[in-house]
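Encoded as structure tokens, the structure appears first; notes follow it.
The values are calculated or read from the model by the stated rules, or taken from the named source; none is laboratory data. Model, not experiment: these values are computed from the prediction. Virtual Cβ from ideal backbone geometry, glycine too; neighbours counted across all protein chains shown.
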Amino acid sequence: MKARAATRPARRPNRAVRRRVRATAECVCAVVAALLLGVSAAPAGQGGSGLIVNVTHRARALHPGEIVVLNVRTSEAPAALGATAFGAEIRFFPAGPANVWSALIGIDLEVEPGEHAVAVRATGVDGSLSETDYTLAVEPKQFATRRLRVEPRYVDPPPEVVERILRERDQQAALFPVSTAVRYWRGGFLRPVPGRANSAFGRRSVFNGQPRSPHSGADFRAGTGTPIKAPNDGVVVLATDLYFSGNVVIIDHGWGLYSYFAHLSAIDVAEGDRVRKGMVVGKVGATGRVTGAHLHWTVRLNDARVDPLSLLELFPAGGGR
Ligand SMILES: [Zn+2]
């Protein structure tokens, strides 16, 4: 890996050790290849006191709307490990080998391209703090525009539903920034329906000639009545009928990760239900603002709108941990 690392030794023993590592797009493939081979792709940190912390990442691409897996290897078991990325606190889980940890970072659909710092903090058992600044160089991505025809009431809603629309918007806006302290999800994520995704995430949407917010999910081909499986464990935090999304089920997978299924013909769970990976949570339908039956799946990670397909690719079904 050709990550450029500039290491500044600590001025005094037990002072915080701060290192900077810049991850550029050209190094991503090398990182992925190295990880596939099971080889450490990280340059070793040098000098200073405290833990030696190596940071790498794994992603399909560093684009808006992608999930990034941050991998941290420490020279010894840390007493505490944390990070901040895109204004959110990131939690780490053991990645298998001793002293290797992973965390998920979501690059929101509308993040400005450019360099974004991830601050990694590792505290040694002796209390020393090692701080590493890892830079994600987010590259621009041009999303296509899709033009759709829907019922006029979904483009110019009648006055009597405006209050409902605003209430539902606020309800959802309050939900996704909540990062539940429990991580329910484990291992790989299941495809909720067998069909392929047929509408690209992130497309700018024009309904009946009027621009609307970008498409923040993936649409899967599936007929009405197709069972929808929970992609991973979690707790149902919303199971109701919304004006634009129709019948929805939202699963909190923990640690800021949510699955949002829309346009269902039937809801098979209730708010507060604990769901297991593979459990049927509802049936595909054509409720709300749609052109026909399909499954819409939105994934939110620390409030960032990310492509569900990046989650499926980074954590395929059958994967461990
Ligand atoms: Zn959709």
- Query: If we keep just the residues of region 231-263 that are over 24 Å from GLY188 (Cα atoms) and within 16 Å of the ligand (Cβ to nearest atom), which is farthest from the chain's Cα centre (by Cα)?
  - Reply: TYR243
- Considering each of GLY127, GLY106, GLY82 in turn, give the residue that is modelled with pLDDT under 95, small (Gly, Ala, Ser) and not assigned by TED's automatic domain parsing to the domain that holds HIS215. GLY127
- Query: Pairs, please: C-beta under 9 Å, at least 6 apart or cross-chain, first residue within 30 Å of GLU76 (Cα to Cα) and in region 129-150, second hydroxyl-bearing (Ser, Thr, Tyr)?
  - Reply: LEU129/THR123; SER130/SER49; SER130/THR74; SER130/THR123; TYR134/THR56; THR135/THR24; ALA137/THR24
- Note on the structure: Every listed condition ((1) in a strand (DSSP E or B); (2) in contact with a Pro (Cβ under 7 Å, 6 or more places away or on another chain)) holds for ALA117 save (2)
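Between GLY292, GLY278, which is over 14 Å from the mean Cα position of the chain (by Cα), surrounded by fewer than 23 Cβ atoms within 10 Å (Cβ to Cβ), without any contact (Cβ under 8 Å) to a residue 24 or more places away in the chain and outside any strand (DSSP E or B)?
GLY292
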- Task: Examine region 40-60 for a residue that is farther than 30 Å from GLY127 by Cα, crowded, with 21+ Cβ neighbours inside 10 Å and modelled with pLDDT of 50 or more, and state whether such a residue exists.
- Result: yes
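From the list ASP219, ASP170, ASP233, which residue is within 26 Å of GLU110 (Cα to Cα), of a type outside the set (A, V, I, L, M, F, W, C) and crowded, with 16+ Cβ neighbours inside 10 Å? Let's see the steps before the verdict.
Numbers: ASP170 fails: crowded, with 16+ Cβ neighbours inside 10 Å; ASP233 fails: within 26 Å of GLU110 (Cα to Cα).
The unique qualifying residue is ASP219.
Return the residues of region 264-273 that are away from the ligand (no atom under 16 Å from the Cβ) and either out of contact with any Asp or Glu (no Cβ under 9 Å at 6 or more places or on another chain) or touching a residue at least 40 places away in the same chain (Cβ under 8 Å) (or both); say none if nothing qualifies.
Answer for region 264-273, where residues must be away from the ligand (no atom under 16 Å from the Cβ) and either out of contact with any Asp or Glu (no Cβ under 9 Å at 6 or more places or on another chain) or touching a residue at least 40 places away in the same chain (Cβ under 8 Å) (or both): ALA266, ASP268, VAL269, ALA270, GLU271, GLY272, ASP273.
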- Query: In region 295-313, what residues are outside any strand (DSSP E or B) and either crowded, with 19+ Cβ neighbours inside 10 Å or free of Cβ contacts under 8 Å to residues at least 40 places away in the same chain (or both)?
  - Reply: ASN302, ASP307, PRO308, LEU309, SER310, LEU311, LEU312
